[in-house]
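The values are calculated or read from the model by the stated rules, or taken from the named source; none is laboratory data. Owing to the predicted nature of the structure, the values given are computational and were not obtained by experimental measurement. Heads up, the Cβs are rebuilt from the backbone with ideal geometry, glycines too, and the neighbour counts pull from every protein chain shown. These accessible areas exclude ligands, DNA and RNA; they are computed on the full protein's heavy atoms, side chains included. Shrake-Rupley method; radii C 1.70, N 1.55, O 1.52, S 1.80 Å.
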Amino acid sequence: RQVEAISQREDFFAAYDLAGQINRYLPNDPALARLMGTIADDLSVVTDPPGANVYLKRFVADESGPPAARQLVGVTPIAHLQIARGSYMVAIEKEGYAGLERTVAGAILRLSGLLAPSPPIRLQAKLIENAKSPPRMAFVPGGDYRLVSWSRPTQERARLDDFFIDKYEVTNQEYKEFISAGGYLRREFWRRPVVRDGRALAWDVEVREFTDRTGLPGPRDWTNQDFPKGRAGYPVTDISWYEADAYAAFRGKDLPTVFQWEKAARNGLTSAAGVVMPWGLFAGSVERRANFGGRGTRPVESLEFGVSPYGCYHMAGNVAEWCRNESSSGFATTGGSWNDEPFFFGRYGDYPGSYGSDKLGFRCVLNLPGATGDQGAMPLPLQTEVPVYAPASEAIFLGFQKQYHYAPAPLDAVVVEVKETDDWRREKVTYAGTDGERAIAYLYLPKNHPPPWQVIQFVPADDVFFGINALPVRVEATLGPFIKSGRAVLAVVLQGFPEREWPEKRVPPEPESAEYRDQAVNWITDERRGLDYAATRSDLDARRVAYIGWSVDGPLKLGLPAIDQRYHSVVLIGAALYEANTRMLPEVNPINLVPYIRAPKLVLQGRYDEDSRLKTQAEPLHRLLREPKRILLYAGGHAPTPEFYVPAINGWLDETMGRVKPR
C-alpha cells in the first residue's frame, strides 16, 4: 500500500526504492509485480564500439536535498535493464574515446483519461576516439534534416554531413583569447563585410563599430577589453553576428546553420502532446533544466539535466544564439534567452548583423573535412507581404458582444489562502465560475501604499497557458514592480492553467471550431467575473482598473478589453494578429474585436520580435486600434526588459488612471 500511495504521487524513485526493499522479504509478490509496470522502466544502451561504462544520475526536482550521485549500471551492450521510472542524466564512457552525456526520461502519459507508461528507453551512440574529437565539442551524425520547430522559417530540407558542435556557449574567457590574439586587427578572420543600411562598410571602418565601454574593440558590456569580474565561465554577450563569425574563423570553425543547430538541439523531436524541449517532452518546471525567467545568464556548464540529445548545454535559454543563415533583416537567431519564456526555445529570430544584446550569444560548429554542400546555409526570407484586415462594423460587433453576456449570479467568493511578504499580501480567492466550476483568482495588495488601490487585471503569456509556470510565479516575476508602486494586481486562473488543469489530456480545438469559441467565451467570462469580485471590495478602486496582457494574441487577450468596457486603461505587450485569426468564427475573431477597445491603449513592441513580427503581424493590429493609443518600440525581441517596460507602464498608468496615493 505504501508503494502504491507513493506511486500515485508520481514519486517513482521513492516507490521503486521501497519496492526493492520489500522484494527482498517478499519475492514474487503479485501486488508488487503489478505495480512495477508503473514505477519501473526498461533501459537498453548500445554503443559502437561496445564495452562502454554506463552511469545514471537521477534528476530530483527539489534542490533542498543533497544532489544525486551517479551510479555505474553496466557495460554496453545493455539490454532491458530495469530502472526506476523518471528522468536521468546518462554518461557513457570508454577509455580512449570521448565521453557522451544524454538525458532520458520515462513518464506516465495521460491520454483521453487513460494512464499509459511511456515507451521503453533505447539509446544508441557512436563513440569517437579522443584523437578525433575536438575538446568541448559534441559529435552529431549527418543526414537529411527538416526543421520541426513551430516557427520554422522554411519547409526545405537540408543535407547535413557529420559535424561537431560546441557543447557549451562560447564563454567570456574564450572570447578574451580571441581579443588577446589580435582578433579585431586581423583581416583574415572577418569573412563578411559589415552591412549598414544596405551598404558594406570598409574594413578600417567596420571594426570601429564594435567597442567596449572604454572604446576598445570588444563586447559592449566589457571594460578595457576585460569581462566583469567572476564571469569567465559565463556566455559572452553583447556582440554582433560579425564578431561571432570572426571568432568562429579564429577557431577554424563556423557558426551553425539553423539546420545544424536544431538537429543538435532536438534531433527532430516534435509532439502534439505538449511543448518539446532539448531533454524531451516538457513536464513540470524548467527550473533545474533551463535558464528562463529574467534573472540573467548562468555559467555555461550549469544545468546538466537540460542537455540536448547530443549532450549540448543551454540550447534552451541562457542566451539566444546567432546562426549562420542570412534572414530578411540580417541573420537568424534561435534558442530563447534568460529573459524569454520557455516556449521560445522553438522560435527563430531575425536581427541585423550589427545588433548586440545581453540576451544574445553563440556557439560554433566544426564541419569535417570532405563535407559537401552548404549544410543548410540557405537564406531565410521571412514573409514580407503586409496583410490588410477588414473588421466587422460596430453594429455587427455589438451583436457579437451580446454573445458574451452572462447572467448575474452570486459569486460566493471565499478567500481560501493568504500569503504575506514584505511588499504585498497575496489572497487566493475562489468564486463561482463558468460551467459550475469554482474559478480561482490571486489578488495582490500593496503593503506600502494606502487603500483604496487601483487595480491591474493581468492575463499572462503562453508559459502559463502551456502549464510551464504557475500563474503566481509569472505575476510575481513580471508585475512585482507595479505592486510595489502601489497598485493591486488581480490574476485569474483559467481552465487549463496549473491549478485548473483540463480533466483529461486533450487535443486543443481547431480555431475555426465551435469548441474553440466556447472555450474563449468561458475564459473571458471567468475574467469578467473576477472584475465583478473586485467591485465588491471596499479596499479596491473599481473605477480605476487597468488591463495588462502579455504576449497578446487570440480572442481572450485581445477580446477581453473590447468586450468589457470597465477598463480605464489598456496595456498590450507583444501584440499581434495572425493568419489563423481569419479562420476563427467571427464572434471570437480578434480582427473583429480590437477596433472596439475604447480605453486608452499603450502598446509595447520589439522591433525584432521573434513571435509577433513587427511589419507583418504587429503593425496590422496597431492600425486597427482606435485612438487614443500610443505605440512604443524598443530595440529588442518579444520580451521587453523590466528597465524598459516598468517605467513605461507606470508612467502610462499615472497618466491614464491618476497617480497612486502616497502613504
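Computed from the C-beta positions of D435 and L281, the FRET efficiency with R₀ = 35 Å rounds to 0.75. Extension gain for the segment R623 to S271, taken as residue separation times 0.36 nm less the Cα-Cα distance, is 123.1 nm to one decimal. Computed from backbone phi, the HN-Hα couplings of region 358-374 come to 6, 10, 10, x, 5, 9, 10, 10, 10, 7, 6, x, x, 4, 10, x, 9 Hz, rounded to whole numbers (Karplus: 6.51 cos²θ - 1.76 cosθ + 1.60, θ = phi - 60°; Gly and Pro given as x). Computed extension gain for V205 through A371, at 0.36 nm per residue and net of the alpha carbon distance, reaches 56.3 nm.
For region 231-337, the set of trypsin sites (Lys or Arg not before Pro) satisfying both a DSSP loop assignment and a count of at most 11 other C-beta atoms within 10 Å is given as R295.
Subtracting the Cα-Cα distance of H80 and L185 from their residue separation scaled by 0.36 nm leaves 32.1 nm. Taking all protein chains together and rolling a 1.4 Å probe, E501 ends up with roughly 140 Å² accessible.
In the context of the full set of protein chains, residues of region 181-239 present 57 Å² of accessible surface per residue (probe radius 1.4 Å, heavy atoms only).
Apply the membrane-span-like helix rule to the chain: whole DSSP H runs, Cα extent along the own long axis of at least 18 Å, mean Kyte-Doolittle hydropathy at least 0.0. List the helices found.
12-25
Dipole of the chain (Lys/Arg Cβ +1, Asp/Glu Cβ -1, origin at the Cα centre): which of P410, V236, I524 lies farthest to the positive side? It is P410. The solvent-accessible area of K615, taken with every protein chain present and a 1.4 Å probe, is close to 120 Å².
Once the C-beta distance of L72 and E499 is scaled by a Förster radius of 56 Å, the resulting FRET efficiency is 0.85 to the nearest 0.05.
For region 78-107, GluC sites (Glu not before Pro) meeting the loop criterion (DSSP other than H, G, I, E, B) and having at most 16 other Cβ atoms within 10 Å: E95. Entry note, the chain: the mean residue ellipticity at 222 nm calculated from DSSP H runs of n ≥ 4, each adding -39500 (n - 2.57), is -6000 deg cm²/dmol after division by the residues and rounding to the nearest 500. Amide H contacts for L540 (H built 1.01 Å from N in the peptide plane; partners 5 or more residues away or on another chain; cut-off under 5 Å): W453.
Taken about its Cα centre, the chain carries a charge dipole of about 680 debye when Lys and Arg each add +1 at the Cβ and Asp and Glu each add -1 at the Cβ. For region 294-337, the carbon plus sulfur part of the accessible surface works out to 38%, probe radius 1.4 Å.
Extending 7 Å from the Cα toward the beta-carbon at both S393 and K447 defines two label points whose distance is 5.6 nm. Each Lys or Arg adds one and each Asp or Glu takes one away; over the other residues whose Cβ falls under 10 Å from the Cβ of R70, this sums to +2.
Across region 78-94, computed HN-Hα scalar couplings (Karplus, 6.51 cos²θ - 1.76 cosθ + 1.60, θ = phi - 60°) run 10, 10, 6, 7, 7, 9, 5, 5, x, 9, 9, 9, 9, 10, 10, 9, 9 Hz from first to last residue, x flagging Gly and Pro. 3J(HN,Hα) along region 41-46: 10, 10, 10, 10, 9, 10 Hz, from the Karplus curve 6.51 cos²θ - 1.76 cosθ + 1.60 with θ = phi - 60°, whole Hz, x for Gly and Pro. Only one residue of Y444, N291, Y88 has its Cα farthest out toward the positive end of the dipole of the chain, where Lys and Arg carry +1 and Asp and Glu -1 on Cβ, and that residue is Y444.
Residues whose amide H falls under 5 Å from that of K629, counting only those 5 or more places apart or on a different chain, are K601, with hydrogens built in the peptide plane. Here is the list for region 5-52: trypsin sites (Lys or Arg not before Pro) lying in DSSP coil, each with at most 12 other C-beta atoms within 10 angstrom of its C-beta, are R9.
Residue order by solvent-accessible surface for I524, I6 is I6, I524, largest first, with ligands and nucleic acids left out and a 1.4 Å probe. Ignoring ligands, DNA and RNA, please state the percent of accessible area on region 396-534 from carbon and sulfur, probe 1.4 Å. In region 396-534, the share of accessible area belonging to carbon and sulfur is 52 percent. Estimated at the nearest 10 Å², the accessible area of S393 is 60 Å² with a 1.4 Å probe.
Restricting to bridges with both residues inside region 298-399, how much of the DSSP beta-bridge set is antiparallel, in percent to the nearest 5?
Around 70 percent antiparallel, to the nearest 5.
Which option, [x] 49; [y] 12; [z] 20, is the value of percent of Cα pairs over 48 Å apart that was calculated from these coordinates? Working out percent of Cα pairs over 48 Å apart from the coordinates points to [z]. Amide H contacts of A40: R85, each under 5 Å away and 5 or more positions distant or on a separate chain (H built 1.01 Å from N in the peptide plane; Pro and chain starts excluded).
What a 1.4 Å probe finds exposed on region 566-663 is 55% carbon and sulfur by accessible area, rounded to a whole percent. With a simple spin-label model that places each label point 7 Å from the Cα along the Cα-to-Cβ direction, the separation between E385 and L632 comes to 3.5 nm. At an R0 of 56 angstrom, the distance between the Cβ atoms of K419 and A580 translates into a FRET efficiency of 0.90. When region 531-657 is described by a simple charge dipole with +1 on each Lys and Arg Cβ and -1 on each Asp and Glu Cβ, the residue from S612, Y533, Q565 located farthest towards its positive end is Q565.
What region 534-663 shows is 35 Å² of accessible area per residue, with the surface traced by a 1.4 Å probe over protein heavy atoms. What region 344-480 shows is 43 Å² of accessible area per residue, with the surface traced by a 1.4 Å probe over protein heavy atoms. Per the Debye formula with a single identical scatterer at each Cα and no solvent contribution, what log10 I(q)/I(0) holds for region 499-657 at q = 0.12, 0.19 Å⁻¹? Relative scattering, expressed as log10 I(q)/I(0), comes to -0.55, -1.27.
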